[in-house]
Amino acid sequence: MQVAGESSVLLTEADALQCIDAELRTLSSVEKIIVRVHTKNLPSSAVDLLQGFGWVVLNR
């Protein structure tokens, strides 16, 4: 994911997810983040990353 602008920054998936996690955590009504995965063969490293944020990962 690339952020456009004069000083463009290239973000990794982990960086992007960390930003999303931080934004979601600012919402006081969010108690649990649940992600449903709709793709087959999601790498275990991706699942580990999501679970590392404390998210619940559901496989389709």
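All of the numbers you see were taken from the coordinates with simple rules; none came from a lab. Predicted model only: the values in this text are computed from it and were never measured. In this analysis, Cβ positions are derived from the backbone assuming ideal geometry, glycine residues included, and neighbour counts consider all displayed protein chains.
Of note:
- The charge dipole of the range 2-59, taken about its Cα centre with unit charges on the Cβ of Lys, Arg, Asp and Glu (plus for the first two, minus for the last two), comes to roughly 300 debye.
- Cα-based shape type of the chain, given that a ≥ b ≥ c are square roots of the gyration tensor eigenvalues and the cut on a/c is 1.5: oblate
- Protection-proxy order for peptides 50-56, 31-37, each taking the mean of Cβ atoms within 10 Å per residue, highest first: 50-56, 31-37
- Between the residues Ala16, Leu42, Leu58, the greatest Cα displacement towards the positive end of the dipole of the range 2-59, with unit charges on the Cβ of Lys, Arg, Asp and Glu, is found for Leu58.
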